[in-house]
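Enquirer: Provided herewith is a single structure, encoded as structure tokens, for subsequent inquiry.
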Amino acid sequence: NPNPNPNPNPNPDPDPTPTPNPNPNQVRLQVFRRADGAGWALRTLAPLGKGKFVLEYVGEHVSQPEAARRADGSCILPLPRRGHAPSTAGIDALHACNAAGFVNFACVPNMAARGVLCEHSDAALPHVAFFATRDIAAGEELTYCRHVEPGFFGDEAPARRQCLCGCSNCRGWI
């Protein structure tokens, strides 16, 4: 008669040792709706130290002319530039994104976007990663400051939007 118990251990430990996290560098994040009516946002569920990798901005790589052609540019993050060279491409997270699409802009952000090379060495198409610029407390909303060079979105720049970051020295506009 075969054993109906699929567990090969006849005396399982009632308090088993937790399975190690297969990705110990993964940051625990949560998408939430801001209480002030400013929309969706992203927060960390665990404290993050200054310099910690938080997450990658995922989307479609687009050229600067294509970024200028697309609607309002609200989901397009210009690729971080090297030195004083202008951005020549961006990442559009409108249709292909991850949780980074919920990160809001802030005048005093707690993360910075950096171009990183992984899986290839083409400096023209870096991945964009967010890193903590200071210690971030568990439960704190994650934010970044989006720098867009004049003309990146063409002659007709996207309409400026009111900034809702709530910082005491808020510039008022994105």
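Enquirer: Modelling each spin label as a point 7 Å along the Cα-to-Cβ direction, I'd like the LEU94/VAL116 distance in nm, to one decimal.
Expert: Result: 2.8 nm between the two label points.
Enquirer: What FRET efficiency comes out for the pair LEU45/ASP135, r = Cβ-Cβ distance, R0 = 22 Å, nearest 0.05?
Expert: The value I calculate is 0.90.
Enquirer: Karplus couplings for segment 44-56 from phi (6.51 cos²θ - 1.76 cosθ + 1.60, θ = phi - 60°), rounded to Hz, Gly and Pro as x?
Expert: With coefficients 6.51, -1.76 and 1.60, one gets 8, 9, 9, x, 10, x, 3, x, 5, 5, 9, 6, 9 Hz.
Enquirer: Still on this structure, please answer the following. Where does each of 91-100, 163-172, 46-55 land if you order them by average Cβ count within 10 Å, highest first?
Expert: The densest-packed peptide leads the list: 91-100, 46-55, 163-172.
Enquirer: At 1.4 Å probe size, put ARG28, ARG70 in order of accessible surface, largest to smallest. Write down the numbers at each step before the final one.
Expert: Working: ARG28 145, ARG70 50 Å².
Heavy-atom accessible area, descending, gives ARG28, ARG70.
Enquirer: A further question follows. Evaluate the distance, in nm, between pseudo-label points positioned 7 Å from the Cα of ARG171 and of GLU60 along their respective Cα→Cβ axes.
Expert: Taking the two extended label points, one gets 2.8 nm.
Enquirer: Show me the ranking of peptides 106-115, 29-38 by mean Cβ neighbours inside 10 Å, starting with the highest.
Expert: For the peptides 106-115, 29-38, the packing ranking is 106-115, 29-38.
Enquirer: Further question: So who's got an amide H within less than 5 Å of the one on LEU142, skipping anything under 5 residues away but keeping other chains? H placed 1.01 Å off N, in plane.
Expert: Residues meeting the criterion, in which the H sits 1.01 Å from N, are LEU42, ARG43, THR44.
The values are calculated or read from the model by the stated rules, or taken from the named source; none is laboratory data. Source: prediction; values computed, not measured. When we count neighbours, we look across all protein chains shown, and the Cβ atoms used for this are built from the backbone with ideal geometry, even at glycine. The accessibility values were calculated without ligands, DNA or RNA, using every heavy atom of the protein model including side chains. Shrake-Rupley method; radii C 1.70, N 1.55, O 1.52, S 1.80 Å.
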